[in-house]
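> Got a structure for you, written out below as structure tokens; questions coming shortly.
What follows is calculated from the coordinates using simple rules that are stated; it is not laboratory data. What you see is a predicted model, and the numbers here were worked out from it, not measured in a lab. All Cβ positions, glycine included, derive from the backbone under ideal geometry; neighbour counts span all protein chains shown.
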């Protein structure tokens, strides 16, 4: 069954049974995370329809992290807090914006805040041995 | 007049960690911090956005929470910081 996938680095959208191993645009390996049809539509500038359950998103980020050098934070309390914020932002603003950063109301700029975002460049992650994304949803495997 | 603002978000784990430090600072140093939640209060969000030219350069170009802002000196702290750092910022 075909699904929607989004590159967490450059936000390219792919529709297919499997995501590309290598992103054709930014050339990052294992960069695609499964997203909802609604998110895909919103990222392409279309009205959203078809949400993504919290449970489904949890599964998607686990599968995404499993093939990478990072994992979902083992601190389940922190993860639950963040999922509350992501769900609230999706409901109110149409996309799962990071609960620890505020949107500027510039869509192109704000698309960089949709979880999972390109946290590989965050100063809290890049080159940090026990690095994590800004909000702490993803942590480097140690 | 000096005004200390904390821009925070309800579901931000960093903000939750910093709150007890802010409580302690207010109690021990007699300062008052205005705590403004930005994801569930559009007025607060607009206020934070209005300070973007000052705040963002100190926070990797973005509006992040928690952000501590001194409106008089424009001194900004971004993210989780130790108590002493917060105290030094507040006493400036």
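> So residue A:116 fits all but one of (1) more than 10 Å from every other protein chain (Cβ to nearest Cβ); (2) under 23 Å from residue B:66 (Cα atoms); (3) free of Cβ contacts under 8 Å to residues at least 40 places away in the same chain; what number is the exception?
Here residue A:116 meets the rest and fails (3).
> Anything in region B:16-46 that is at the interface with chain A (Cβ under 8 Å from one of its Cβ atoms) and either without any contact (Cβ under 8 Å) to a residue 24 or more places away in the chain or part of a helix (DSSP H, G or I) (or both)? List them, or say none.
The answer is B:16, B:45.
> Return the residues of region B:47-59 that are without any contact (Cβ under 8 Å) to a residue 12 or more places away in the chain and facing chain A (nearest Cβ under 9 Å); say none if nothing qualifies.
Across region B:47-59, the qualifying residues are B:52, B:56.
> State which residue is farthest from residue A:46 (Cα to Cα) when the search covers only region A:118-142 and only residues that are assigned to a loop (DSSP other than H, G, I, E, B) and within 16 Å of the chain's Cα centre (by Cα).
Narrowing region A:118-142 to residues assigned to a loop (DSSP other than H, G, I, E, B): A:118, A:122-131, A:133-137, A:141-142.
Next, from what is left, pick out any that are within 16 Å of the chain's Cα centre (by Cα): A:118, A:122, A:125, A:133-137.
On the way: A:118: 22, A:122: 29, A:125: 32, A:133: 28, A:134: 28, A:135: 28, A:136: 30, A:137: 28 Å.
Top of the filtered list is A:125.
> Residues of region A:79-102 being touching a helix residue (DSSP H, G or I) at 6+ places or on another chain (Cβ under 6 Å) and either more than 8 Å from chain B (Cβ to nearest Cβ) or farther than 21 Å from residue B:68 by Cβ (or both), which ones?
Passing the criteria: A:83, A:87, A:94, A:95, A:96, A:97, A:98.
> What are the residues in region A:102-117 that are under 14 Å from the mean Cα position of the chain (by Cα) and either closer than 14 Å to residue B:61 by Cα or surrounded by fewer than 18 Cβ atoms within 10 Å (Cβ to Cβ) (or both), if any?
Those that are under 14 Å from the mean Cα position of the chain (by Cα) and either closer than 14 Å to residue B:61 by Cα or surrounded by fewer than 18 Cβ atoms within 10 Å (Cβ to Cβ) (or both): A:110, A:111, A:112, A:113.
> How many residues does region A:79-106 hold that are in contact (Cβ under 8 Å) with a residue 40 or more places away in the chain and out of contact with any strand residue (DSSP E or B) (no Cβ under 9 Å at 6 or more places or on another chain)?
Residues meeting the conditions: 2.
> Shifting gears a bit: Would you check if residue B:77 is buried (at least 18 other Cβ atoms within 10 Å of the Cβ) and in contact with a strand residue (DSSP E or B) (Cβ under 9 Å, 6 or more places away or on another chain)?
Yes: the conditions hold for residue B:77.
> Condition first: over 15 Å from residue B:12 (Cβ atoms) and part of a strand (DSSP E or B). Now tell me which residues in region B:47-82 satisfy that.
Listed by number, the residues that qualify are B:69, B:70, B:76.
> Identify all residues within region A:53-78 that are more than 14 Å from every other protein chain (Cβ to nearest Cβ) and free of Cβ contacts under 8 Å to residues at least 40 places away in the same chain; write none if there are none.
Within region A:53-78, A:53, A:55, A:56, A:57, A:58, A:59, A:60, A:62, A:63, A:66, A:67, A:68 qualify.
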